[in-house]
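Each remark here refers to the structure printed beneath this line.
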Amino acid sequence: AAGGEPVLEVDHVSKQFRGLKALDDVSLTVPEGEIRGIVGPNGSGKTTLFNVISGLYRPTRGRVRFRGRDLTGRAPYRLARAGMSRTFQNLRLFGDLTVEENLLVALDRSGTSQSWRYLLRPLSVLRRDRDLHRRARAVLERYGLAEFAALAPKALPYGIQRRVEIARAVAAEPSLLLLDEPAAGLNGEEVRQLGEIVRSIRDSGRTVIIIEHNMGLVMSLCERVTVLAGGRVIAEGTPAEVAVAPAVIEAYLGD
Ligand code: ADP
């Protein structure tokens, strides 16, 4: 429930690329069970923030704590094993594998007790793992994807591919899910379904942080919104609060 222990604490994080400060002293705390929106004009640092949180970038300054542990700069796979999962703005599915095989790979790589050898089992072995298949099927059914199990993602409509990517990210049973512009390229009905999926993910006990340009979705979905501009947090509050904040209106006028 909202108001729980913080799942994520970003503490005075800066990220510098040569002369450019992509993130400038950013702090935010996300409690367990919240759906947090991250919004801001293009180039405001949203994706850089996700890259720092998920371990792709080491921050120039500051710390990232996940479930109470300082995991600043840990490799992405270690954060994934600790319970963090993400999607990318551009889909990163294995286009030539089937939908189900994409899930097999994701499930095989999740969990905390596996050795590297197990982690890197070849697909031919995964295909024969009955337990893994059962788990993959369960995820596909939960997300209305069972009918696409044997098809390659690249043969599917874009909205379905998006859903596969979210299902794959959730298959690892993360406590924190980071979604980078999940509504991009979706039609109105698909956006509505996406909202239901994200709510159901939260209701199953996970915390969600979502970068999103679709303000209708942000307003209806997020308990709180953090607004970035020029690499800084310029506002934070309920969607209704930040929508009328003068700093936010000013930042968007220049976009
Ligand atoms: P947003 O996701 O809000 O559109 P980004 O986080 O992608 O913003 O980018 C913030 C700023 O950091 C931009 O000016 C961008 O060009 C710059 N930037 C992002 N990643 C890199 C990188 N790997 N190298 C250099 N500059 C980068």
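On the given criteria, is F88 crowded, with 20+ Cβ neighbours inside 10 Å and either more than 11 Å from the ligand (Cβ to nearest atom) or farther than 21 Å from N214 by Cβ (or both)? Don't jump to the end; show me each part of the working.
Numbers: crowded, with 20+ Cβ neighbours inside 10 Å: no; either more than 11 Å from the ligand (Cβ to nearest atom) or farther than 21 Å from N214 by Cβ (or both): yes.
So F88 fails the test.
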Next on the checklist: Considering only segment 63-85, I want to know if a residue exists there that is within 27 Å of A171 (Cβ to Cβ), among the hydrophobic types (A, V, I, L, M, F, W, C), in a helix (DSSP H, G or I) and near the ligand (Cβ under 10 Å from one of its atoms).
Outcome noted: no
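Being within 20 Å of the chain's Cα centre (by Cα) and in the same structural domain as G62 (by TED's automatic domain parsing) narrows it down to one residue among G216, G230; which is it?
Working: G230 fails: within 20 Å of the chain's Cα centre (by Cα).
So the residue among G216, G230 that is within 20 Å of the chain's Cα centre (by Cα) and in the same structural domain as G62 (by TED's automatic domain parsing) is G216.
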Next on the checklist: Exactly one of these conditions fails for R58: (1) within 11 Å of the ligand (Cβ to nearest atom); (2) loosely packed, with under 14 Cβ neighbours inside 10 Å; (3) farther than 25 Å from Y252 by Cβ. Give me its number.
Outcome noted: (1)
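Given the criteria part of a loop (DSSP other than H, G, I, E, B), of a type in the set (A, V, I, L, M) and either under 21 Å from E34 (Cα atoms) or away from the ligand (no atom under 15 Å from the Cβ) (or both), does L93 qualify?
Numbers: part of a loop (DSSP other than H, G, I, E, B): yes; of a type in the set (A, V, I, L, M): yes; either under 21 Å from E34 (Cα atoms) or away from the ligand (no atom under 15 Å from the Cβ) (or both): yes.
Yes.
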Checklist entry - Can we say L8 is away from the ligand (no atom under 11 Å from the Cβ), assigned to a strand (DSSP E or B), within 18 Å of the chain's Cα centre (by Cα) and crowded, with 22+ Cβ neighbours inside 10 Å? => result yes
Item to check | Subset of segment 135-159 that is assigned to a helix (DSSP H, G or I) and out of contact with any Leu (no Cβ under 7 Å at 6 or more places or on another chain) - its residue that is nearest to N187 (Cα to Cα) | outcome: Y158
Item to check | Boolean, V248 is assigned by TED's automatic domain parsing to the domain that holds G33, touching a residue at least 40 places away in the same chain (Cβ under 8 Å), in contact with a helix residue (DSSP H, G or I) (Cβ under 9 Å, 6 or more places away or on another chain) and part of a helix (DSSP H, G or I) | outcome: no
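The values are calculated or read from the model by the stated rules, or taken from the named source; none is laboratory data. Quick caveat: nothing in here was measured; it's all calculated off a predicted structure. Glycine gets a Cβ as well: all are built from the backbone with ideal geometry, and neighbour counts include every protein chain shown.
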